[in-house]
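See below for the structure under consideration.
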Amino acid sequence: MKLGIIGLSGAGKTTVFEALTGATGGESAKMEDRIGTITVPDERVDILSKIYSPQKTIFAKVEYFIPAKKQGKEKDSSQWTGVRDCDALIYVLRNFKQYGTEGADPGQDIATLDSELMVNDFMVVEKRLERLALDAKRGKKPNPEEIALLKEALEHLEEEKPLRSFPHIADSPLLKGYAFLSAKSVLALLNNEDEDSEMPEIAGFSMAEEGESSTGGSGIEGMVIRGKLEQELSQMTDEEAEDFLSEFNITASATDRVIIKSYSLLGLISFFTVGEDEVRAWTIKKETEALNAADVIHSDIKQGFIRAEVMAYGDLMEAGSYNEAKKKGRARLEGKTYLVEDGDIINFRFNV
């Protein structure tokens, strides 16, 4: 999973990036693209590793990407290039006082960011439709369904409606290659003052307080982060952090909270493969069929798929061992269309 961090000038994007990743760099690092890779904490992986004592234990990973600060013409032409391949976007929204500026207005900042993304998408769609029309004049037969979807997308963008509000467009395999920016899911991080942990009221958006689950307006989910505070926390030792967490009433780090929210936003779950060689967590979308889950591991497993031996994590914990769980009939064989559940332990049987 890769999340792109964007926001208006002065919102605290670099601070939030460093809070989430533990990276350092400050002002000089703003002039280059940065990627931070974070391990997804999962106590189930820890427990499975203790049971199997594998040679390797591999957790799921999350990548946070923050594009370089662009100037002049470069800003106009390429500021969004790096976030096109991200699975979702993080809007960093200023919700703190800043000397020499007007008061914070997160709602207006959301509208501004949405507008910039929609303008970019509009140009992509318009250019593509022009190219398809030219191809048709030359005798090439374009896909009528693709044209219909592009024309509908153009209408929504003209009405200033982000494409994420229309799942049949945002999730269409025919349009996947365009990587529309306004089609991506958005997690809005309200960057608050150190002493402020409250979610502000934002006109047109309904967002929960920190730690709660909610859906904001236009397909946006939101949560509060005290960026500067969390940045300091990310640089501390475990012992220092413990006192810090208590003093500011922080129950979990920003990294953990954002990962949980991101999984929820994108509809992601984890399944596991286990053995003496390796215990590993794999990330997939909810309602992924077993055949496609196999492909996440290796295309050969998908190609030679025979059956999936599946056991729920909870059943293994209740039985105490895999063999004991099998004796109790907790292991079952599933076919290609089985919908993988969060926490499934899967052994794929295949032949190539």
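What the table shows:
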| read-out | value |
| --- | --- |
| Cα→Cβ-extended label distance, 7 Å offset, between GLU130 and THR251, nm | 5.3 |
| GNM top mover of SER262, SER53, SER246 - the chain, alpha-carbon springs below 10 Å | SER246 |
| Added length on full extension, which subtracts the Cα-Cα distance from 0.36 nm per residue, ILE58 to GLU43 | 4.2 nm |
| Positive-pole candidate from ILE306, ILE47, ALA23, dipole of the chain, charges at beta carbon | ILE306 |
| Segment GLU334-ASP105, extension gain: residue separation times 0.36 nm, minus the distance between their alpha carbons | 77.3 nm |
| Karplus-derived 3J(HN,Hα), 6.51/-1.76/1.60, for each residue of the stretch 298-315, Hz, glycine and proline x | 6, 4, 5, 5, 5, 4, x, 3, 10, 8, 10, 8, 10, 9, 6, 4, x, 5 |
| Selected from SER172, ILE225, ALA148, residue furthest toward positive end of dipole (the stretch 2-265; charges at beta carbon) | ALA148 |
| Only Lys, Arg (+1) and Asp, Glu (-1) charged, at Cβ; the stretch 287-350 dipole about Cα centre in debye | 380 |
| Charge context of GLY36, other residues only, Cβ under 9 angstrom, K/R +1, D/E -1 | -1 |
| Hits among lysines - C-alpha to C-alpha of LYS336 under 19 Å, sequence gap 8 or more where chains match | LYS285, LYS286, LYS302 |
| Check: the stretch 73-173 dipole with +1 on Lys, Arg Cβ and -1 on Asp, Glu Cβ, in debye | 480 |
| Rough spin-label spacing in nm, given labels placed 7 Å along Cα→Cβ, for ASP277 and GLU201 | 5.9 |
| Potential extension, LYS2-ASN347 segment - 0.36 nm per residue separation minus Cα distance | 121.5 nm |
| Dipole of the stretch 287-350, positive direction: furthest Cα of VAL340, ILE297, ALA325, with charges on the beta-carbon | ALA325 |
| Dimensionless Rg/Rh of the chain - Kirkwood Rh, Rg from C-alpha atoms | 1.01 |
| When each of LYS2/LYS137; LYS56/LYS327; LYS61/LYS328 is checked by Cα-Cα distance, pairs over 29 Å | LYS2/LYS137; LYS61/LYS328 |
| Within the chain, percent of DSSP bridges classed antiparallel, to nearest 5 | 50 |
| Sequence of HIS168, HIS298 once ranked by neighbouring C-beta atoms within 10 Å, starting from the fewest | HIS168, HIS298 |
| Prolate/oblate/rounded label for the stretch 249-352 (Cα gyration tensor, a/c 1.5) | oblate |
| All lysines inside 17 Å of LYS69 as judged from Cα atoms, apart from same-chain residues fewer than 8 positions distant | LYS13, LYS30 |
| Gaussian network model of the chain, springs between alpha carbon atoms under 10 Å - residue of PHE180, PHE248, PHE272 with greatest fluctuation | PHE248 |
| Theoretical ellipticity at 222 nm over the chain - DSSP helices of four or more residues, -39500 (n - 2.57) apiece, nearest 500 | -11500 deg cm²/dmol |
| Separation of the GLU309 and ASP194 label points, Cα + 7 Å toward Cβ, nm | 5.6 |
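Taken together, the values in this text are just the output of simple stated rules run on the coordinates, not laboratory data. Worth saying up front: this structure is predicted, and the values here are computed from it rather than measured. All Cβ positions, even for glycine, are placed from backbone atoms using ideal geometry, and neighbour counts span all protein chains on display.
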